[in-house]
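The values are calculated or read from the model by the stated rules, or taken from the named source; none is laboratory data. No experiment lies behind these values; they were computed from the predicted model shown. Glycine also receives a Cβ, built like all others from the backbone with ideal geometry; neighbour counts cover every protein chain displayed. We work out accessible area using only protein heavy atoms, side chains counted, and drop any ligands, DNA or RNA first. Shrake-Rupley method; radii C 1.70, N 1.55, O 1.52, S 1.80 Å.
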Amino acid sequence: MRLLQALFFPPEQPGGVSSMIPYMQERFQSSRWDMELFWLPRRIRNKGYEEVVFDTFDWTEFEDSPIVQKYIQTYRDYLWWTRLRIQKPYDLIHAHHPIAGLAAKQVFPDTPLIQTIHSSYERELILNGRIKSGGPEHRFLVSLYRELEQKSQRMLTVSRSFAGYLSDYVNHPEKIGVIPNGFDEKRFKPVPHENEVPQLITVCRLVPAKGLDILLKACAELKKNGHDYVLHIIGDGPFRTELESLAQELGIYNETIFYGYTLHPEEFMPFFDIFVLPSRAEAFGSVFAEAALSCLALVGTDVGGIPEQIEDGVNGLLVPPEDPIALCEALEKVITDPMYRYDLARTAWDKAKSQYSLTHAVNELKKIYLSHQKV
């Protein structure tokens, strides 16, 4: 079977898609399977001029928004690049971004399309202060879900929580499948180590949706309560300057290390002790599974797909979002009790190995591909 994995971002872009799809490719290189990856290069901008028409809604209702116009132009560019670069036919296309899926179906209307929705772009834009809830951009973005439902043979997402979120925007929510992201077990190797001072790590894009302002406030409480720690922040983004200023204001700049973007954080993640990310929204939260496979203790918020990975007090700790005191108390539990921390980490590792392995995800996808292949 000839498969095309249609991405939007390049494979090296940080995030859930890039932590799975490129590593799937070797699992499909056989006499039975032939899989290729496709994405829009960053250099391709303002190339497309094709008229855009959707079947389920009129996007021109929102055309006064510069953000909507940017999405439409990106869609035109993706169409232009697809027509230019893809010549041979495929038996099935699996898209991992709405623009990729809609463009693929426009160019290859007779090829079955599997569409995975990995995250809610509109929710992140709202949380990051870029758009308003109920505004034209919000309404445009959620309208794409019904369009994708009509154009794809199967819609998938990465958590039960996010499938529930999508149910308000599609006609047949019962048909949405759930396959959590899978992670190549060979990339994650727990390393026995002994840190005299507990090492906290977080890995994410530095935007308000990730709640790092709450994390810094919780760490200030830790310091006030007399706990030693070091916080390692891996990632970059538009919120970095504000976060660095906040760390200075809170008096914890010396305990906080900002690394910026790092291509393969899993290579040194096993040397830390505690992974913490107080997100305000997460469709799945791939980095929690990566941290679990590195055998770190997990601390996260009770939002989105995170509770599907973390059972509070069993394989990690959950706290309410927007609550730095509760987050501080959870961190105190794992900082002050190394054996408890190890028990949580080991249980999280066991669950991640069994439920979030790349092998499990690939086997589930193969079943879906075979049932929807072009004949």
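Observations on the structure shown:
- Scope the range 317-334; condition assigned to a helix (DSSP H, G or I) and either under 30 Å from Arg154 (Cβ atoms) or open to solvent by 70 Å² or more (accessible area, probe 1.4 Å) (or both); matching residues: Ile325, Glu329, Lys333
- For the range 354-375, filtered to residues that are assigned to a helix (DSSP H, G or I) and of a type in the set (A, V, I, L, M, F, W, C), the residue that is most open to solvent (accessible area, probe 1.4 Å) is Leu370.
- Arg123 meets the conditions (1) closer than 24 Å to Lys47 by Cβ; (2) of a type outside the set (A, V, I, L, M, F, W, C); (3) assigned to a helix (DSSP H, G or I) in every case but one. The failed one is (1).
- Condition met for Glu322 (under 23 Å from Val197 (Cβ atoms) and acidic (Asp, Glu)): no
- Close pairs (8 angstrom Cβ cut-off, 6 or more residues apart or separate chains): under 15 Å from Glu147 (Cβ atoms) in the range 157-175, surrounded by fewer than 21 Cβ atoms within 10 Å (Cβ to Cβ) and small (Gly, Ala, Ser) anywhere: Tyr169/Ser143
- Matching option when the condition is buried (at least 21 other Cβ atoms within 10 Å of the Cβ) and within 19 Å of Leu3 (Cβ to Cβ), among Ala163, Ala100: Ala100
- Test for Leu263: is it of a type in the set (A, V, I, L, M) and exposed (fewer than 15 other Cβ atoms within 10 Å of the Cβ): yes
- Complete set of residues in the range 218-249 that are open to solvent by 60 Å² or more (accessible area, probe 1.4 Å), in a loop (DSSP other than H, G, I, E, B) and within 22 Å of Ser279 (Cβ to Cβ): Asp236, Pro238
- When Ala281 is tested against the conditions (1) without any contact (Cβ under 8 Å) to a residue 12 or more places away in the chain; (2) within 23 Å of Ala330 (Cα to Cα), the lone failure is (1).
- Within the range 230-253, residues that are touching a residue at least 60 places away in the same chain (Cβ under 8 Å) sit with their Cβ atoms under 8 Å from residues that are among the small types (Gly, Ala, Ser) and open to solvent by less than 30 Å² (accessible area, probe 1.4 Å), at 6+ positions apart or across chains, in these pairs: Gly235/Gly260.
- Against the numbered list (1) more than 20 Å from Phe54 (Cα to Cα); (2) in a helix (DSSP H, G or I), Leu156 comes up short only at (2).
- Residue that is farthest from Glu266 (Cα to Cα), among those in the range 200-209 that are open to solvent by less than 30 Å² (accessible area, probe 1.4 Å) and out of contact with any helix residue (DSSP H, G or I) (no Cβ under 6 Å at 6 or more places or on another chain): Val207
- Residue match in the range 335-349 (condition: open to solvent by 60 Å² or more (accessible area, probe 1.4 Å), under 23 Å from the mean Cα position of the chain (by Cα) and farther than 19 Å from Val230 by Cα): no
- Output for the range 77-96, where each listed residue is buried (at least 18 other Cβ atoms within 10 Å of the Cβ) and either part of a helix (DSSP H, G or I) or without any contact (Cβ under 8 Å) to a residue 24 or more places away in the chain (or both): Asp77, Tyr78, Leu79, Trp80, Trp81, Thr82
- Test: Glu290 is more than 18 Å from Gly164 (Cα to Cα), open to solvent by 20 Å² or more (accessible area, probe 1.4 Å), at pLDDT below 95 and under 15 Å from the mean Cα position of the chain (by Cα): yes
- Given (1) open to solvent by less than 20 Å² (accessible area, probe 1.4 Å); (2) in contact with an Asp or Glu (Cβ under 9 Å, 6 or more places away or on another chain); (3) part of a loop (DSSP other than H, G, I, E, B), number of the condition Leu3 does not satisfy: (3)
- When Lys186 is tested against the conditions (1) in a helix (DSSP H, G or I); (2) surrounded by fewer than 19 Cβ atoms within 10 Å (Cβ to Cβ); (3) under 21 Å from the mean Cα position of the chain (by Cα); (4) in contact (Cβ under 8 Å) with a residue 12 or more places away in the chain, the lone failure is (4).
- Of all residues assigned to the range 52-72, none qualifies as being part of a loop (DSSP other than H, G, I, E, B), out of contact with any Cys (no Cβ under 8 Å at 6 or more places or on another chain), open to solvent by 20 Å² or more (accessible area, probe 1.4 Å) and on the phi > 0 side of the Ramachandran plot.
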